[in-house]
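Undergrad: Could you have a look at this structure, given as structure tokens, before my questions?
Values quoted throughout were computed directly from the atomic coordinates according to the rules given, and no laboratory measurement underlies them. This structure is a prediction, so every number in the text was calculated from the model and none was measured. Virtual Cβ from ideal backbone geometry, glycine too; neighbours counted across all protein chains shown.
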Amino acid sequence: MAAAQAQPAQPAALRVPFSPDPQSVRTAAEAIRKFLGEQGVPEKELFSFELCVAEAGNNAIAYAEGPARALKPVAEALFTPDQIELRMTDHTAGFVLPERIVLPPPQKERGRGLYLIKSVMDEVRYVRGAAENTLIMRKRRRAIQATAKEREPGMPGALSLEESQRQLSESKSARASMAGELLFRSDTLSAIFRCCAELGRSDVLADDFGKRLLVDLFHLTTADWCVLRLLSVDGKQLVVAAASESELVAEALNLPLPGEAPRGIEAAVAASQTAARFDLREGRDRSEPLRAVGPGATGLVCPLVFGGVLVGTIAVGRRGGDFPLGKLQEEVVRIFAEFLAIQNVNLRHHRDEVRRHVFARELEIAQEIQHLLLPRTLPQLERFGLAGGWQSAREVGGDFYDALAVDVQSLVLMVADVMGKGVPAALFAATMRGMLRGLAARTNDPAKILSGLNRLLYAELSAVNMFITAQVVHVDLQTRQITAASAGHCPLLYVPAGLHAVQALPTKGIPIGVLPDTVYSPATAVLGEPATLLLYTDGLTDTRNPAGRLFGQRHLTKWLGENAFAGHTAGGLRDQLARELNRFRGAAEMTDDQAFLVLTEARMNPDGAREFDAQRDPALLDSASVRIIG
Amino acid sequence: MKIENQGKCLSISDIPELTAVNSAHFRDEVRAVLPNSPSVIEIDLSQTRFVDSSGLGALFALYRATAQCQGVVLRLLNPRPEVQQLLELTQMQQLFEIVQR
């Protein structure tokens with residue numbers, strides 16, 4: 001191993017089951033402190049985490065009863081660079097974690113544990129289960145920044161095989177981290193979408209707000225049990241959204257159809273939208289769902305109604321009839337029912353707001369991904385100009401182009417179309433661009449580059465039933481020879497030597513990702529003067545006008561023939577082509593992405609002066625791709 | 001743990017930690033010497049690297065035990081920064097003098 005370097009912290013976890021005695025709690029707390037210390041958590045932060053494990057552990061053993069006293073609680077620590085999560089799983093009857101915990105008065109010897117935990121952690125939750133409960137304590141922290149090592153400037157000249165392999169692997173790992181980031185973003189997006197989907201359901205109250213409110217209600221009324229049901233999306237059923245007892249989490253209740261007798265007190269209250277007191281000792285209905293609480297339960301069921309529309313029901317009560325809810329307590333239940341109904345409406349407004357935010361963020365992420373897809377700069381050439389055009393039908397597409405200067409007199413150009421759209425297509429596009437750079441350092445042969453790309457990408461692409469069409473061209477600027485190979489891609493257009501016309505260079509090949517070992521055959525041609533070369537994706541030729549007619553390769557060839565000799569700069573030709581495509585499309589919707597790359601040459605005047613000045617031509621000066629908005 | 005009786009000053013030191021493991025022992029040991037009616041009780045926390053709510057509970061119990069004796073000064077000496085924060089979080093400084101020497 002080389003000398004140790006600062007590594008970015010990796011996620012790690014520790015699980016410590018311990019015997020239910022104070023000394024074992026201490027040992028577990030110390031073990032977790034040591035573990036977090038090993039993950040690089042600073043000494044001054046460790047005290048708090050040790051404290052939380054100690055407090056939670058002491059509670060876990062103090063409140064265990066009966067046979068559960070012999071069971072081992074479990075302390076866990078989950079470390080990630082941006083958060084530390086501690087968990088304590090106990091076998092007690094559990095408790096209700098209050099929203100706010102006040103510091104006990106000095107006269108009291110006990111009762112400060114939860115206060116301390118809540119004070120030092122950012123988030124504390126208590127999840128109750130049938131046989132065990134888990135206290136979850138989270139603390140967010142700033143990620144430890146990995147020190148970025150300054151890259152040394154690359155050495156010019158020919159590369160050894162070793163060096164190019166190193167570059168390939170570097171490029172792969174850079175792409176892998178980029179892919180990781182894209183995945184992370186996509187995960188984040190899908191998490192947001194999931195959250196929105198949750199918000200969209202009518203039982204949204206169950207997840208958060210309703211439960212919290214129910215806990216408060218439970219405390220205020222000193223009830224033995226309570227259950228909140230919300231109307232299902234189809235409006236036909238009452239679904240349990242939150243309940244104080246697990247036996248109350250019963251199946252959904254059907255609302256009675258017109259003329260049908262309601263089944264159960266809650267359904268009756270929902271149907272009549274009128275609150276009702278009940279006493280199960282009086283009724284003989286064996287099928288009453290609230291019997292799950294106990295045979296002698298008493299209480300109150302209130303409808304949740306807002307603006308005359310039913311939202312759900314809330315039932316609160318006692319197990320027996322000896323201490324029925326008083327008038328005041330019933331009033332509290334009614335007020336809560338009203339509030340819950342209003343809150344449900346508020347949450348719907350909130351959900352719309354969240355959707356708007358998510359949409360805006362999605363656009364931002366899509367734009368970031370787009371920037372990753374296209375080269376920031378194109379090679380700057382002495383006598384030739386390069387410019388790329390790109391337009392996406394949707395926010396993220398799989399079409400892209402790239403250009404690499406192999407040496408002072410030759411170039412490798414690529415245009416590709418990843419089948420599919422969205423983040424997966426963009427991921428493959430980004431990965432392939434990285435691989436192209438690695439391969440082009442080893443060979444100038446477009447056929448070998450395509451075979452190499454196919455070999456590297458086949459497994460991943462075929463696993464997801466995707467493929468990529470691509471055209472790779474090597475241009476020798478000295479001899480004017482072009483060598484092209486195609487993987488199922490549309491032919492390139494060029495002006496051949498000795499002709500005053502545009503031709504397609506016929507190349508054939510199977511798309512990347514279709515067969516494991518594809519051999520590509522190159523085609524060669526010599527560029528005329530001034531050189532004109534157009535690589536494009538089928539989004540150009542597949543452009544349709546409002547009448548549904550295709551732009552087509554013939555139109556494209558004709559257009560290029562009319563413009564190739566007009567003395568345009570690369571940037572100028574690119575802009576003209578984009579304009580022509582948009583003119584043709586008119587008001588029709590764009591259905592496919594478009595990407596293209598043009599190579600042009602400065603014409604020499606008789607006195608030898610260039611027709612355009614590289615220093616002033618925007619396409620040469622700043623050959624970063626220009627996004628053309630239709 | 002060391003308990004020394006120096007005239008009117010009761011001095012407790014050498015406490016590596018004050019937790020659920022030893023807080024009851026600490027509380028009982030200190031209570032046992034209270035009948036000597038000291039006027040100052042000094043608890044040296046310089047060696048104490050960890051305190052939990054049970055440990056704090058023992059200190060609150062000590063406060064309660066001395067509350068009826070007029071004029072007894074309760075003093076915590078040289079707590080480490082983390083322990084000091086804990087004392088402040090639980091407003092212990094309202095009951096004990098916290099002194100760095």
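Undergrad: Would you mind giving the mean number of other chain beta-carbons within 10 Å of the Cβ of each residue in A:18-26, as a whole number?
TA: That average works out to 3.
Undergrad: Going highest first, how would you order A:303-313, A:62-72 by mean Cβ packing within 10 Å?
TA: For the peptides A:303-313, A:62-72, the packing ranking is A:303-313, A:62-72.
Undergrad: Counting Lys and Arg as +1 and Asp and Glu as -1, each charge on the Cβ, what is the dipole of segment A:386-519 about the Cα centre in debye, to the nearest 20?
TA: Around 60 debye, computed over segment A:386-519.
Undergrad: Where the centre of each part is set by its Cα atoms, how far does segment A:409-449 sit from segment A:233-261, in angstrom?
TA: Rounded to whole Å, the Cα centres lie 57 Å apart.
Undergrad: Relative contact order for segment A:26-108: what percent, with Cα pairs under 8 Å and sequence separation of 6 or more?
TA: This gives 26 percent for segment A:26-108.
Undergrad: Normalised by the number of residues in segment A:388-540, what is the relative contact order in percent for Cα pairs under 8 Å and 6+ residues apart?
TA: Worked out over segment A:388-540, it gives 23 percent.
Undergrad: For an R0 of 45 angstrom, estimate the FRET efficiency from the Cβ-Cβ distance between A:ALA459 and A:VAL309 and round to the nearest 0.05.
TA: The pair A:ALA459/A:VAL309 has a calculated efficiency of 0.25.
Undergrad: In what sequence do A:PHE47, A:PHE79, A:PHE359 fall when counting other Cβ within 10 Å, fewest first?
TA: A:PHE359, A:PHE47, A:PHE79
Undergrad: Place a +1 charge on the Cβ of each Lys and Arg in chain B and a -1 charge on the Cβ of each Asp and Glu, then give the dipole magnitude about the Cα centre in debye, rounded to the nearest 20.
TA: In debye, rounded to 20, chain B gives about 200.
Undergrad: Further question on the same structure: Over all residues in B:17-30, what is the mean tally of Cβ atoms on other chains that come within 10 Å of each residue's Cβ?
TA: 3
Undergrad: Quick one: which of A:566-577, B:83-94 comes out on top by average Cβ neighbours within 10 Å, and what's the full order, highest first?
TA: Packing proxy ranking, top to bottom: A:566-577, B:83-94.
Undergrad: Find how many whole Å separate the alpha carbon centroid of segment A:127-141 from the alpha carbon centroid of segment A:289-345.
TA: Measuring centre to centre over Cα atoms gives 28 Å.
Undergrad: Amide H neighbours of B:ASP44 under 5 Å, counting only residues 5+ apart in sequence or on other chains, H built in-plane at 1.01 Å?
TA: B:ILE12, B:SER13, B:LEU77
Undergrad: I need the shape label for chain B. Rule: rounded when a/c is under 1.5, else prolate if a/b > b/c, else oblate, with a, b, c from the alpha carbon gyration tensor.
TA: Rounded.
Undergrad: Taking +1 at the Cβ of each Lys and Arg and -1 at the Cβ of each Asp and Glu, which of B:ALA65, B:GLN91, B:THR48 sits farthest along the dipole of segment B:22-95 towards its positive end, judged by Cα position relative to the Cα centre?
TA: Going by the Cα projections, it comes out as B:ALA65.
Undergrad: OK, next. Among A:14-25, A:246-257, how do they line up by average Cβ neighbours within 10 Å per residue, starting with the highest?
TA: Ranking the peptides A:14-25, A:246-257 by packing returns A:14-25, A:246-257.
Undergrad: Using Cα pairs under 8 angstrom and six or more residues apart, how large is the relative contact order of chain B, in percent?
TA: 28 percent
Undergrad: Using only the Cα atoms of segment A:452-595, build the gyration tensor, take square roots of its eigenvalues as a ≥ b ≥ c, and label the shape rounded, prolate or oblate: rounded if a/c is under 1.5, else prolate if a/b is larger than b/c, else oblate.
TA: The shape class here is oblate.
Undergrad: Using only C-alpha atoms and all pairs of different ones, pull out the Kirkwood radius for segment A:224-316 in Å with one decimal.
TA: About 13.2 Å, per the Kirkwood formula over Cα pairs.
Undergrad: If you don't mind, another one. From the Cα gyration tensor of segment A:271-331, with a ≥ b ≥ c the square roots of its eigenvalues, which class applies: rounded if a/c is under 1.5, or else prolate if a/b is larger than b/c, or else oblate?
TA: Taking the square roots of the gyration eigenvalues as a ≥ b ≥ c, segment A:271-331 is oblate.
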